[in-house]
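The structure under discussion appears below in the form of structure tokens.
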Amino acid sequence: MAGSAGSTRCRCCCCWASWCWWWSSPSRPVNTPHKSVALPLALTYAALIVYASLYPFEGWRDQGIVPWSFLSAPWPRYWTGFDFAVNVAGYVPFGFLCALAVLRTGTGAGALPAVLRATFAGGAIAFAMETLQSYLPTRIPSNVDLGLNAAGALAGAVAAVALERLGVVAHWSRARAQWFVDDARGGLALLALWPMALLFPAAVTFGLGQVFERLETAIAEWLLDTPFIDWMPLRQFELQPLVPGVELLCVMLGALVPCLLGFLVMRSVVRRALLLPAVLAAGVAASALSAALSYGPEHVWAWLSLPVQIGLAAALCVGVLLLGAPRRLCAALLLVALVLHLSLLNQAPESPYFAQTLATWEQGRFIRFHGLAQWLGWLWPFMTLAYVLVVLSRRSRPAERKSAY
């Protein structure tokens, strides 16, 4: 019995030691740097957190209290499951990217230090945001929000460590090298942002980048009561609503643009054929979610009118015809599609009913995401335009000329 108890204790100690080693040992040899976009993505996501937390950046005032007094505040009287989920989920990607950056940059840190650093970084940003929110009239700092944000960062960091240990991250790196061209990072990032940009309500389905009327109004307001207002050119034409045929064309171009962007970074025809329906399905799902959030679940498919259906079908057909197109041809067609799409969209005014929809986002529970989603919807086509211009300006390599075959 004594021997059996001793062997049991020995096995328990071995298991505990193995568990501690799994968490504390480096995931790769010390000082072996690994090229990764996790760190720049983490910094970018941190900037998005700051924007979403402090939007609309108006009405700053000093309430005469200590900014961190919210730490000792009682449990908030009004609380919903939506608030709980948003505060946790919003920091999960940040914790994931931070931990992954620590593990993949060759610092020699083990799993436990990576989790601790990512959680501390997430908690520090959350504390700073809650402190600054005490100066904004539309925001209420909360110790519960702070705790949930830190918990989200912790969950993301643990997920990153687990996936790294299981080899999922390394498998993704190998799969990315097989599926996509070498300089695909920018295109993949834009593809990932496209469904998020669609969450903000648009006057035309897939109609991202309709900014002319708002930009004209904003410039006029900035120049009002200044001598420069006389320099502003008068509009030579009145904006006209889109007729169904032009709306169909805008829908087709709006759905085709991300498909061409995917073709631009994809290596083979077969993989492009798999990507095409996946991109269109993601766009349909994001548009349905946007409609559900804006008008209610009963109107989830209200946006799917006849011109939209025909436009989606046309985008699918054109995408199939272009599956075997060379990479530079895809880039040129993407450039033409973007310019035509933006030109058509910005010749139409915003509907007054659309303005009522925006009020739901600006004044309701979506205030946390209004500014971020709005800017994504406005800027995504122009970021894609800049990306494709950079791609076209590069000298084509022999391997890239064969990448579509």
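From the list Ala162, Ala177, Ala170, Ala150, which one is part of a helix (DSSP H, G or I), under 27 Å from Arg104 (Cα atoms) and in contact with a Gly (Cβ under 7 Å, 6 or more places away or on another chain)?
Ala150
Taking each residue of region 257-282 that is closer than 16 Å to Trp380 by Cβ and looking for partners that are basic (Lys, Arg) with beta-carbon atoms closer than 8 Å, six or more apart or interchain, yields Gly262/Arg272; Leu264/Arg327.
Condition check ((1) outside the structural domain of Leu253 (by TED's automatic domain parsing); (2) surrounded by 15 or more Cβ atoms within 10 Å (Cβ to Cβ); (3) modelled with pLDDT of 90 or more) across all residues:
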residue: Pro326; (1), (2), (3): no, yes, yes
residue: Ala359; (1), (2), (3): no, no, no
residue: Arg368; (1), (2), (3): no, yes, no
residue: Phe382; (1), (2), (3): no, no, yes
residue: Ser396; (1), (2), (3): no, no, no
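Among the conditions (1) under 29 Å from Leu208 (Cα atoms); (2) at pLDDT below 85, Leu190 misses just one, which is (2).
For region 49-76, filtering for residues that are part of a loop (DSSP other than H, G, I, E, B) and within 32 Å of the chain's Cα centre (by Cα) leaves 11.
The values are calculated or read from the model by the stated rules, or taken from the named source; none is laboratory data. Quantities reported herein were computed from a predicted structural model and do not represent experimental measurements. Virtual Cβ from ideal backbone geometry, glycine too; neighbours counted across all protein chains shown.
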